[in-house]
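Step one of this worksheet: look at the structure below.
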Amino acid sequence: MVNKKNNKTKSKKGGSDQIDQVQQLNQKQQVPQQVQQIQKNQPKKNNIILIDPNKPQTNLTKFPKFEYEGGYGFTCVKFTLLPNQSIRADGGAMNYMTNQIEMKTQSGNIWGAVGRVFSGSSFFYNIFTNNGNSQGLINFSGINPGNVGCFYIPKGDSFNFVSNSYICSTPELLIETSVRFGGLITGYGITYVKANAANKDGLIWISSFGDVIPITLQNRGDKIRVDNGILLGFHGNVNINTKLPGGFMSTFFSQEGLVSEIVNDDNNPCIIYLESRSQNRYNDYIAAIAKKVK
């Protein structure tokens, strides 16, 4: 009789244990659903990334290996291309290449080519491909003195860079022209280089007059004022306005001139990149010296 009671007790305990296990399992299954719902409600993060070649990136192994050389302030970028790997570059950007590399010159869509000219790039662009059986080397640089920044553009996103800054990119990216009127008065012009990752993600290398400085505007309405010639790149969800740096006296006697006010017009964080030196001010400085020499 004792055994029967013990068996009944065990069966009851076993049944309750099974119920507890089922309840715990249901709770565990509900947690991922709740996390997914929370993640859906959160704003998307900006995935435009400034790549440091000295820090390995697991998601970049499919792209050509690169490193910087030439010294700080006169930086150029060197690629190690595996057989059948390619890189796209602006006209005149190549410094040297090994004999495994072959070059093809293209213009693409005629309107795209015209747009590239207005954004400071060449009408034609070059595709460099390693058609050999071993690794090949190729080196590129920009026109201006300064450093080089590598930017990762995720699939479905795009990013704008100031004219004359484009050096090269992976073939997956579309190099287009973006029109913005906000920087016309402050010397940026109305056209920008637009790196568009419409079909695949890719990398783009940009020439910076000085070093690259990242700035994040977290919330809608956040703004920052930058001097003329300092802006390097910006996301599509920003608005560029021309503003006075201060009052009447400050504007005309501080030698600051007009500035660009950059505003986040989106509910998501946006990122902009600045140059540590102003090309506009440097050009004015050189022009002033040239006049004295004459």
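The values are calculated or read from the model by the stated rules, or taken from the named source; none is laboratory data. All of these numbers come straight from a predicted model, not from anything done at the bench. Positions of Cβ are backbone-derived with ideal geometry, glycine not excepted, and every protein chain shown enters the neighbour counts.
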Practice task
Under 6 Å between Cβ atoms, at least 6 apart or on separate chains: pull out the pairs that start in region 52-63 with a residue that is over 18 Å from T75 (Cα atoms) and end on any residue that is modelled with pLDDT of 75 or more.
Solution key: F63/T170; F63/L203
Problem - Flag if G202 is at pLDDT 90 or above and touching a strand residue (DSSP E or B) at 6+ places or on another chain (Cβ under 6 Å) - result: yes
Fill in the blank from the handout: The one condition G73 fails out of (1) farther than 25 Å from N130 by Cα; (2) surrounded by 14 or more Cβ atoms within 10 Å (Cβ to Cβ); (3) modelled with pLDDT of 75 or more is (2)
Completion exercise
Of the listed residues (F128, F79, F123, F159), the one being at pLDDT below 95, part of a strand (DSSP E or B) and not polar (S, T, N, Q) is F159
Completion exercise
Those residues of region 162-191 which are in a strand (DSSP E or B), modelled with pLDDT of 95 or more and among the polar types (S, T, N, Q) amount to S169
Exercise for the section: List the number of the failed condition for P43; all other conditions in (1) closer than 16 Å to L203 by Cβ; (2) modelled with pLDDT under 50 hold. Expected result: (1)
Completion exercise
Looking across region 260-294 at residues that are within 30 Å of S158 (Cα to Cα) and at pLDDT below 80, the single one that is nearest to the chain's Cα centre (by Cα) is Q279
